[in-house]
Amino acid sequence: KHSIEKIISKVQTDGCLAVILAEKNSMLHIAEFVEYCEIANIKPVIGVELNIEICKIKGTVILLAKDWTGYQEICRLFSDAHNSIDSEENPVISIESINQILSERNSQSRHMIIIDKKKDGIIENGLLRNKMIKKELRGLRKELKGLPSPDGESWKNAVGEANRL
């Protein structure tokens with residue numbers, strides 16, 4: 001809605017030291033944004049706003065880069081999202097894509113910030129749903145332990161498979 005130049009001018013007037021640009025489903029203006037920030041001696045914080053799906057729950061998150069590695073992580077997620085378009089033609093990132101990046105960084109991405117757009121949004125609901133599923137699996141494991149299967153085999157293999165999941 002506003003030109004990058006107007007945004008930087010407003011930030012300077014307000015005396016801010018940094019400014020965030022997180023476009024919805026786009027990273028088109030990042031180069032221009034960084035250039036204007038450098039001229040104005042203001043720290044640019046770059047990111048993107050994307051749709052996400054966790055356990056069939058849809059929502060929106062903002063991804064912000066803390067450094068160059070974070071920017072690269074966001075670019076990968078942005079690319080992955082554009083390979084998965086929803087029914088409304090919007091790119092969607094999956095929790096699997098995020099988990100892939102986190103696992104490469106030893107489960108701790110200190111290079112990227114993920115912000116849930118709503119207080120009780122997608123991340124919280126997805127994590128709560130995962131906790132409920134894990135609780136249900138623990139209950140099933142207890143019920144199945146020691147029971148024979150219809151084929152006469154132990155349920156041990158099934159419980160082991162559930163543990164693996």
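The values are calculated or read from the model by the stated rules, or taken from the named source; none is laboratory data. No experiment lies behind these values; they were computed from the predicted model shown. Note that we place each Cβ from the backbone using ideal geometry, even for glycine, and neighbour counts take in every protein chain shown. All accessible areas refer to the heavy atoms of the entire protein, side chains included, with ligands and DNA or RNA removed. Shrake-Rupley method; radii C 1.70, N 1.55, O 1.52, S 1.80 Å.
How many residues, within region 1-30, are part of a helix (DSSP H, G or I) and within 26 Å of the chain's Cα centre (by Cα)? Step through it out loud before you land on a result.
Just the residues of region 1-30 that are part of a helix (DSSP H, G or I), to begin with: 4-14, 30.
With the extra rule that they be within 26 Å of the chain's Cα centre (by Cα), the set shrinks to 4, 30.
Summing the residues that are part of a helix (DSSP H, G or I) and within 26 Å of the chain's Cα centre (by Cα) in region 1-30 gives 2.
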Identify, from the list L102, L17, L21, the residue that is open to solvent by 40 Å² or more (accessible area, probe 1.4 Å), hydrophobic (A, V, I, L, M, F, W, C) and in contact (Cβ under 8 Å) with a residue 12 or more places away in the chain.
-> L17
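Looking at region 50-67, which of its residues are in a strand (DSSP E or B) and either free of Cβ contacts under 8 Å to residues at least 40 places away in the same chain or not small (G, A, S) (or both)? Give the derivation first.
First, the residues of region 50-67 that are in a strand (DSSP E or B): 50-54, 57-65.
Across region 50-67, the qualifying residues are L50, N51, I52, E53, I54, I57, K58, T60, V61, I62, L63, L64.
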Quick one: N106 ticks every box in (1) at pLDDT below 90; (2) within 14 Å of the chain's Cα centre (by Cα) except a single one, so which number is it?
-> (2)
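Please specify each residue of region 70-94 satisfying the condition of being among the hydrophobic types (A, V, I, L, M, F, W, C), open to solvent by 10 Å² or more (accessible area, probe 1.4 Å) and closer than 23 Å to V45 by Cα.
So the first thing to find is which residues in region 70-94 are among the hydrophobic types (A, V, I, L, M, F, W, C), and the list is 74-75, 77-78, 81, 85, 92-93.
Filter again for open to solvent by 10 Å² or more (accessible area, probe 1.4 Å), leaving 75, 78, 85, 92.
Matches in region 70-94: C75, F78, V92.
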With the checklist (1) over 12 Å from the mean Cα position of the chain (by Cα); (2) within 25 Å of K6 (Cβ to Cβ) in hand, flag the one item K56 doesn't pass.
-> (2)
In region 31-49, residues that are farther than 23 Å from R76 by Cα, open to solvent by less than 30 Å² (accessible area, probe 1.4 Å) and in a helix (DSSP H, G or I) total 2
